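Structure record follows, encoded as C-alpha cells.
The values are calculated or read from the model by the stated rules, or taken from the named source; none is laboratory data. Quick caveat, the model's predicted, so the values are computed rather than measured. Note that we place each Cβ from the backbone using ideal geometry, even for glycine, and neighbour counts take in every protein chain shown. Ligands, DNA and RNA are stripped out before the accessible areas are found, and what is left, the full protein with its side chains, is counted by its heavy atoms. Shrake-Rupley method; radii C 1.70, N 1.55, O 1.52, S 1.80 Å.
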Amino acid sequence: MRRRRGLATGGARLSDAYTLWKTAHAVGAAVVFGGGLGIAYFTWFGYRRAVRTDDLAALRALLRLTVIADACLTAPAVAFQFASGLVLMRALGWPWVSPWSMAVLGLYLLAGACWLPILALQVRLHRVAARSASVAALPGRFHRWFGWWFGLAIPAFAIVLVLFYLMVAKPLPVARA
C-alpha cells in the first residue's frame, strides 16, 4: 500500500474521505475569500453610491444584506475552515505544533482579530442607518466607522491570501522544528 504524508492512499474509503475533506476545505477557502471580497465590493461601492445620491433606502438595504451575507455565508465558511483544517492535519498525521501549523493558526487568529470588529461595525452601521432620517443626517461617526471597516478589510484579505499560499505551497516544515 502506497503512503502519502502519513495517509494510506491505497484504500478507497480512506482516500475518498481525504479527497472529500480536502476538496471541501479548498471550496471553503474560496467561499471565505470570494464571498468576503464580493461582500466588501458591493458594500463599499454601494455605500459610496448611496451617499453620493442621497439614497437612504438603498443604504439601509445594502447594510441589512451585508450583515445577512456575512452571517449566512462568511461565518459558517470561516468555522468550517478551522474544523476541516484540523481534520486534514489529523488525517495526514501532522503534528499540532509545527512551524507550519503555528503560522497558519497565528494568521487565522489575526484574520479573525480583523474580521470580528468588521462584523461589529457592520451591525452598528446598519442600526445607525435604520434610525437615521436621511443620508445627510447620518452622524460623523457613521462615516468614520465605514473607514475603519474598510481599513480592517485590507489586512484581513491580505492574511487570507497568505493562508492560501501556506495551504497550497506548504513552505514551512509541517514536522516539529
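In summary, Arg124 fulfils each of the numbered conditions (1) open to solvent by 40 Å² or more (accessible area, probe 1.4 Å); (2) at pLDDT 95 or above; (3) more than 28 Å from Tyr47 (Cα to Cα) with the single exception of condition (3). Does Arg144 satisfy the condition of being part of a helix (DSSP H, G or I) and exposed (fewer than 14 other Cβ atoms within 10 Å of the Cβ)? When the stated conditions are applied, Arg144 passes them. Of all positions in the stretch 102-112, at least one carries a residue that is open to solvent by 40 Å² or more (accessible area, probe 1.4 Å), among the hydroxyl-bearing types (Ser, Thr, Tyr) and in contact (Cβ under 8 Å) with a residue 40 or more places away in the chain.
In a residue-by-residue description of the stretch 111-123, the property of being in contact with a Ser or Thr (Cβ under 7 Å, 6 or more places away or on another chain) and assigned to a helix (DSSP H, G or I) applies to at least one position. For the stretch 84-96, enumerate the residues that are open to solvent by 40 Å² or more (accessible area, probe 1.4 Å), among the hydrophobic types (A, V, I, L, M, F, W, C) and modelled with pLDDT under 95. Matches in the stretch 84-96: Trp96 only.
When Ile159, Ile68 are checked against the criterion of being open to solvent by 40 Å² or more (accessible area, probe 1.4 Å), modelled with pLDDT of 95 or more, within 23 Å of Val31 (Cα to Cα) and in a helix (DSSP H, G or I), Ile68 stands alone in meeting it.
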